[in-house]
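*Asks:* Quick one: the structure is below, questions incoming.
Values in this text are rule-based calculations from the coordinates and carry no lab data. Source: prediction; values computed, not measured. In this analysis, Cβ positions are derived from the backbone assuming ideal geometry, glycine residues included, and neighbour counts consider all displayed protein chains.
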Amino acid sequence: MGGGGYAGSVSFPDDAASAGYAAAATDTGHTGSGGDWAWSPTGMKWNLIEDFAFRSLHELTVKGKAVTRAFYGESPAYAYWNGCSTGGRQGLMEAQRFPDDYDGIVSAAPAINWDRFIPAGGKLIIWHGWADSLIFGQGSIDYYERVVRKMGGPQRTGQFARLFMAPGVDHCGGGSGAAPTDPLAALVAWVEQGKAPDSLPGQSVSGMTRPLCVWPEVPRYKGHGSTAEATSFRCSARY
């Protein structure tokens with residue numbers, strides 16, 4: 001499970017554990033919510049910065065799998081990453097630097113967008129709210145389109161990575177729009193059953209539902225039915 005902000009504490013992954021997963025999280029090698037841990041009067045603490053950037057994520061994964069294997073007597077059948085904001089950035093870093101660590105990654109509203117990606121048979125779902133007031137959604141579009149160019153086009157990229165934009169959704173959820181209800185379930189179905197998602201079910205805080213379409217498609221009203229129901233919309237190249 002991914003962290004938030006500077007991730008200077010362990011956010012216990014209760015939801016994942018309750019869903020039946022062997023779950024783990026990390027403080028990324030430092031404590032505290034501010035940025036003081038990264039510098040000192042004598043200079044930057046590059047070892048801690050590297051821990052935060054990528055090393056702690058891989059160590060979490062390696063040790064988490066080892067503990068799981070020791071407790072259950074067998075290795076995990078599948079491994080998944082699920083995070084938003086800093087956690088989304090962490091997921092992308094894992095995909096880039098350690099592509100064998102996870103079979104699937106959900107990266108929501110990633111805090112930093114990188115421009116290289118190394119697929120290793122795993123699957124990646126990125127989603128981002130268009131109304132994100134903290135991290136602009138255009139950054140995720142830019143990242144994804146760089147991947148598309150790097151991999152030779154949308155068809156090839158869509159075999160392992162898909163982006164979903166959520167109109168009206170703020171940072172990691174909230175706002176007036178419909179956010180994905182369970183992107184991890186969609187990822188698991190893709191990894192374990194080969195069912196690539198063309199849309200994600202979405203719901204707003206007021207109960208409105210919408211399909212969240214794979215980029216660059218958008219949900220378009222069919223012309224009949226309730227505008228508060230997902231069944232009245234279909235994914236289209238334009239509104």
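*Asks:* Out of curiosity, is residue 145 at negative phi, touching a residue at least 60 places away in the same chain (Cβ under 8 Å) and surrounded by fewer than 17 Cβ atoms within 10 Å (Cβ to Cβ)? Working first, answer last.
*Replies:* Working: at negative phi: yes; touching a residue at least 60 places away in the same chain (Cβ under 8 Å): no; surrounded by fewer than 17 Cβ atoms within 10 Å (Cβ to Cβ): yes.
When the stated conditions are applied, residue 145 does not pass them.
*Asks:* Search the stretch 178-231 for residues being of a type in the set (Asp, Glu) and touching a Cys at 6+ places or on another chain (Cβ under 9 Å), and hand back the single one that is nearest to residue 123 (Cα to Cα).
*Replies:* First pass over the stretch 178-231, keeping only residues of a type in the set (Asp, Glu): 182, 192, 198, 217, 229.
Next, only the ones that are touching a Cys at 6+ places or on another chain (Cβ under 9 Å) stay: 198, 217.
Details: 198: 14, 217: 20 Å.
Applying the filter and picking the extreme gives 198.
*Asks:* Among the residues in the stretch 183-206, are any closer than 20 Å to residue 82 by Cα, loosely packed, with under 13 Cβ neighbours inside 10 Å, in contact with a helix residue (DSSP H, G or I) (Cβ under 6 Å, 6 or more places away or on another chain) and of a type outside the set (Val, Ile, Thr)?
*Replies:* Checking the stretch 183-206: at least one residue is closer than 20 Å to residue 82 by Cα, loosely packed, with under 13 Cβ neighbours inside 10 Å, in contact with a helix residue (DSSP H, G or I) (Cβ under 6 Å, 6 or more places away or on another chain) and of a type outside the set (Val, Ile, Thr).
*Asks:* So residue 232 fits all but one of (1) in contact with a Leu (Cβ under 9 Å, 6 or more places away or on another chain); (2) of a type in the set (Ser, Thr, Tyr); (3) farther than 26 Å from residue 147 by Cα; what number is the exception?
*Replies:* Going through the list (1) in contact with a Leu (Cβ under 9 Å, 6 or more places away or on another chain); (2) of a type in the set (Ser, Thr, Tyr); (3) farther than 26 Å from residue 147 by Cα, residue 232 breaks only (1).
*Asks:* Looking at (1) in contact (Cβ under 8 Å) with a residue 60 or more places away in the chain; (2) outside any loop (DSSP other than H, G, I, E, B); (3) not hydroxyl-bearing (Ser, Thr, Tyr), can you tell me which one residue 211 breaks?
*Replies:* For residue 211, the exception is condition (1).
*Asks:* Here's a follow-up. Where residues in the stretch 147-187 are part of a helix (DSSP H, G or I) and within 13 Å of the chain's Cα centre (by Cα), which of them is nearest to residue 208 (Cα to Cα)?
*Replies:* Here is the first cut: in the stretch 147-187, the ones part of a helix (DSSP H, G or I) are 147-151, 154-157, 183-187.
If we keep only those that are within 13 Å of the chain's Cα centre (by Cα) as well, we get 183-187.
Numbers: 183: 17, 184: 20, 185: 20, 186: 20, 187: 23 Å.
Ranking the candidates gives 183 first.
*Asks:* I'm trying to understand the selection: among the residues of the stretch 148-177, which are in contact with a Pro (Cβ under 8 Å, 6 or more places away or on another chain) and either surrounded by fewer than 19 Cβ atoms within 10 Å (Cβ to Cβ) or not aromatic (Phe, Trp, Tyr) (or both)? If you could, list the steps in order and put the result at the bottom.
*Replies:* Going through the stretch 148-177, the residues in contact with a Pro (Cβ under 8 Å, 6 or more places away or on another chain) turn out to be 148, 151, 160-162, 164, 166-167, 177.
Those that are in contact with a Pro (Cβ under 8 Å, 6 or more places away or on another chain) and either surrounded by fewer than 19 Cβ atoms within 10 Å (Cβ to Cβ) or not aromatic (Phe, Trp, Tyr) (or both): 148, 151, 161, 162, 166, 167, 177.
*Asks:* Follow-up question, since we're still on this one. Check the stretch 25-34 and report whether any residue there is on the phi > 0 side of the Ramachandran plot, touching a Leu at 6+ places or on another chain (Cβ under 8 Å) and in contact (Cβ under 8 Å) with a residue 24 or more places away in the chain. Before you say what the answer is, go through the steps one by one.
*Replies:* Start the filter on the stretch 25-34 by keeping residues that are on the phi > 0 side of the Ramachandran plot, which leaves 28-29, 32.
The next check asks that each one be touching a Leu at 6+ places or on another chain (Cβ under 8 Å); those that pass are 28-29.
Now restrict to residues that are in contact (Cβ under 8 Å) with a residue 24 or more places away in the chain: 28-29.
Within the stretch 25-34 (the criterion being on the phi > 0 side of the Ramachandran plot, touching a Leu at 6+ places or on another chain (Cβ under 8 Å) and in contact (Cβ under 8 Å) with a residue 24 or more places away in the chain), the answer is yes, since at least one residue qualifies.
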